[in-house]
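Peer 1: One structure coming up, written as structure tokens, with questions to follow.
The values are calculated or read from the model by the stated rules, or taken from the named source; none is laboratory data. Here the structure is a predicted model, which means the values were calculated and not measured. So basically every Cβ, Gly included, is an ideal-geometry build from the backbone, and we count neighbours across all protein chains shown. Heads up: the accessible areas ignore ligands, DNA and RNA and are worked out on the full protein's heavy atoms, side chains in. Shrake-Rupley method; radii C 1.70, N 1.55, O 1.52, S 1.80 Å.
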Amino acid sequence: MIDREAKAERRRALPSQRRPAPPSWRQHLASLTKITPARLTLGVFSLMIAVFTALLSLPAATTSGQRTDLVDALFTAVSAICVTGLVTVETATHWSTFGLTVLMIAMKMGGLGLLTLASLLSMSVMHRLGLAQRMMTANETKAERLAEVGGVLRIILITSTAFEAATFVALTPYMFFTEHGIGESIFLGLFYAISAFNNAGFVPEAQGVEQYLGDPFFSIPIALAVFVGSLGFPVILVVVKKLRTPRRWSLHAKLTLTTTGLLLVLGWIGYLVLEWTNAATLGGQPVHTKILAAGFAAVMPRSGGFATLDVGLLTPETRLLTDVLMFIGGGSGSTSGGIRVTTFALLMLSIWAEIRGNPDVEVFGRRIPHETIRQAIGVLVMSATVVLLAVFLLLRMTSFSLDQLMFEVLSAFGTVGLSTGITAHLPTEGKWVIAACMYSGRLGPMTLGAALALRHRTRMIQLPRERPIVG
């Protein structure tokens, strides 16, 4: 009797002693949110680069049926995922239809932001978006409040699809009327639409876009798509929601639109003045072609990368202007790189406040926190450090001039894609350097720094203050 009672007691105790069931795939997906957003960003981008490198390495991805060298496949994958457009092989002639399709998918995923796609997948699977996932998506999309993330995701999909569709509708009939077949026109229209809105700059035609110099039916749709894509989804979200009440737009939206507009006008005038008499570019063109081509060129340094003018034939002054515009880049949370226009605006405003002796930086009736100004300075210093280090390494590796290498590095860091024509002639080590610039330019030096930081220190004791002499 005692033995039976003991056995029954052991059987009742067994369920509590059983090992827990292995975690489901949903629990594995949720556990990823415990990783810091910066490190997860690096991990996801690196994984996708590896996947697309493998796809582009397949024999079916090339027109010759031969495998592409690893460094060229990796370089192209980084350029597509980071929506840059720099290439070491000719896009139109080297890649097959399958390879070009892979590039389109990579550009689309890179433009939307891989963390955004991951959050959309999580929403569809779990039917909700948790706090940690909202924080990750807010880090990628630069949403001002976590509650806005759902709206940002919807705006991302609606806006990108709408503008790509509009660009596709505008370009496809034009391609057909310019002696392209129906199938080829559809493919070219779709490729250009994705490449333009995502600011990728890949060109699927062997003749390049120089054949469309001064052509409004090509230049205007492409320029509009690039311009809107470079504003950033947080700006598009605010403008769409409050289109009729500009006074209620956020400070970020006002700063981005104002600074972008000023840079566009200054760039437009600069290209016109500097290239007006250049016989190799605009010198022999009619006035209307000069105006349209200069406007198109002024939009591209935002991160577009399309060039109807041969960059190698531009005057040194024009290339310097382009360097500055590429380093500034586009809007935060957009498909562009660089230090971003808001960072540039905050730095200029802080300098203006210092000149006037104002203790605070104020704009549009708002006061900018000192922490934001310090962050802008940090972005500027880290970005300049990346650029200078890359230029130094390339000077040691190659025989190209400082002007050419500086242009190439800034184009890579700004994820622009413009080039003087030296990309394919770089040594293998130089291609690695440019690929690293594209990678860091897309993710941001501050994101890289946060991802590589081992820990965050909180100081309990503060040292006494003392001001050194500045200047």
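Peer 1: Identify all residues within segment 266-278 that are under 18 Å from residue 407 (Cβ atoms) and open to solvent by 40 Å² or more (accessible area, probe 1.4 Å); write none if there are none.
Peer 2: Keep residues of segment 266-278 that are under 18 Å from residue 407 (Cβ atoms), which gives 267, 270-271, 274-275, 278.
274 - this is the single residue of segment 266-278 that is under 18 Å from residue 407 (Cβ atoms) and open to solvent by 40 Å² or more (accessible area, probe 1.4 Å).
Peer 1: Here's something else I'd like to know. Check segment 236-248 and report whether any residue there is in contact with a Lys or Arg (Cβ under 8 Å, 6 or more places away or on another chain) and within 27 Å of residue 113 (Cα to Cα).
Peer 2: yes
Peer 1: Pairs only if they're at least six apart or on different chains, beta carbon under 7 angstrom, first in segment 263-291 and more than 14 Å from residue 313 (Cβ to Cβ), second of a type in the set (Phe, Trp, Tyr); list them, first residue then second.
Peer 2: Pairs that qualify, where the first residue is more than 14 Å from residue 313 (Cβ to Cβ) and the partner is of a type in the set (Phe, Trp, Tyr), are 290/276.
Peer 1: Here are 387, 363: which of them is surrounded by fewer than 19 Cβ atoms within 10 Å (Cβ to Cβ) and touching a residue at least 40 places away in the same chain (Cβ under 8 Å)? Talk me through it step by step, then tell me what you get.
Peer 2: Numbers: 387 fails: surrounded by fewer than 19 Cβ atoms within 10 Å (Cβ to Cβ).
Result: 363 is the single residue among 387, 363 that is surrounded by fewer than 19 Cβ atoms within 10 Å (Cβ to Cβ) and touching a residue at least 40 places away in the same chain (Cβ under 8 Å).
Every residue, every condition in (1) crowded, with 17+ Cβ neighbours inside 10 Å; (2) of a type in the set (S, T, N, Q); (3) in a helix (DSSP H, G or I); (4) out of contact with any strand residue (DSSP E or B) (no Cβ under 7 Å at 6 or more places or on another chain), yes or no:
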| site | (1), (2), (3), (4) |
| --- | --- |
| 349 | yes, no, yes, no |
| 354 | no, no, yes, yes |
| 358 | no, yes, no, yes |
| 374 | no, no, yes, yes |
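Peer 1: In this structure, does residue 466 turn out to be surrounded by fewer than 17 Cβ atoms within 10 Å (Cβ to Cβ), modelled with pLDDT of 70 or more, assigned to a helix (DSSP H, G or I) and out of contact with any His (no Cβ under 6 Å at 6 or more places or on another chain)?
Peer 2: Numbers: surrounded by fewer than 17 Cβ atoms within 10 Å (Cβ to Cβ): yes; modelled with pLDDT of 70 or more: yes; assigned to a helix (DSSP H, G or I): no; out of contact with any His (no Cβ under 6 Å at 6 or more places or on another chain): yes.
No.
Peer 1: Which ones in segment 390-408 are open to solvent by 50 Å² or more (accessible area, probe 1.4 Å) and in contact with a Pro (Cβ under 8 Å, 6 or more places away or on another chain)?
Peer 2: 397, 403
Peer 1: Does segment 300-307 contain any residue that is part of a helix (DSSP H, G or I) and small (Gly, Ala, Ser)? Reasoning before the result, please.
Peer 2: Residues of segment 300-307 part of a helix (DSSP H, G or I): 300-302.
Keeping just the survivors that are small (Gly, Ala, Ser) gives none.
Checked against the condition, which is being part of a helix (DSSP H, G or I) and small (Gly, Ala, Ser), segment 300-307 yields no hits at all.
Peer 1: Something else: Out of all the residues in segment 320-364, which are more than 19 Å from residue 441 (Cβ to Cβ) and of a type in the set (Ser, Thr, Tyr)?
Peer 2: 350
Peer 1: Can you give me the number of residues within segment 279-336 that are of a type in the set (D, E, K, R) and open to solvent by less than 40 Å² (accessible area, probe 1.4 Å)?
Peer 2: Of all residues in segment 279-336, those of a type in the set (D, E, K, R) come to 290, 302, 310, 317, 319, 323.
Those still in the list that are open to solvent by less than 40 Å² (accessible area, probe 1.4 Å) too: 290, 302, 319, 323.
The number of residues fulfilling the criteria is 4.
Peer 1: Can you tell me which of (1) in contact (Cβ under 8 Å) with a residue 12 or more places away in the chain; (2) in a helix (DSSP H, G or I); (3) of a type outside the set (Gly, Ala, Ser) is the one residue 202 doesn't meet?
Peer 2: (2)
Peer 1: Any residue that is open to solvent by less than 20 Å² (accessible area, probe 1.4 Å) and over 30 Å from residue 364 (Cα atoms) - is there at least one of those in segment 221-236?
Peer 2: Scanning segment 221-236, I find at least one residue that is open to solvent by less than 20 Å² (accessible area, probe 1.4 Å) and over 30 Å from residue 364 (Cα atoms), so the answer is yes.
Peer 1: Any residue in segment 156-180 that's touching a residue at least 12 places away in the same chain (Cβ under 8 Å) and within 14 Å of residue 205 (Cβ to Cβ): show its pairings with residues that are open to solvent by less than 60 Å² (accessible area, probe 1.4 Å) and of a type in the set (D, E, K, R) at Cβ separation under 9 Å, as long as the two are six or more apart or on different chains.
Peer 2: 174/215
Residues checked against (1) part of a helix (DSSP H, G or I); (2) in contact (Cβ under 8 Å) with a residue 12 or more places away in the chain; (3) under 24 Å from residue 45 (Cα atoms); (4) open to solvent by less than 10 Å² (accessible area, probe 1.4 Å):
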| residue | (1), (2), (3), (4) |
| --- | --- |
| 66 | no, no, no, no |
| 73 | yes, yes, yes, yes |
| 80 | yes, yes, yes, yes |
| 86 | no, yes, yes, yes |
| 92 | yes, yes, no, no |
| 98 | yes, yes, yes, no |
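For every residue, the table says whether it meets (1) at pLDDT below 90; (2) more than 30 Å from residue 242 (Cα to Cα); (3) out of contact with any Phe, Trp or Tyr (no Cβ under 8 Å at 6 or more places or on another chain).
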| position | (1), (2), (3) |
| --- | --- |
| 152 | yes, no, no |
| 191 | no, yes, no |
| 195 | no, no, no |
| 212 | no, yes, no |
| 216 | no, yes, yes |
| 229 | yes, no, no |
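Peer 1: Every residue in segment 157-187 that is open to solvent by 50 Å² or more (accessible area, probe 1.4 Å) and part of a loop (DSSP other than H, G, I, E, B), please.
Peer 2: The one that is open to solvent by 50 Å² or more (accessible area, probe 1.4 Å) and part of a loop (DSSP other than H, G, I, E, B): 179.
Peer 1: I would also like to ask the following. When you check residue 127 against the structure, is it of a type outside the set (A, V, I, L, M) and modelled with pLDDT under 75, yes or no?
Peer 2: Working: of a type outside the set (A, V, I, L, M): yes; modelled with pLDDT under 75: yes.
Spelling it out, residue 127 is indeed of a type outside the set (A, V, I, L, M) and modelled with pLDDT under 75.
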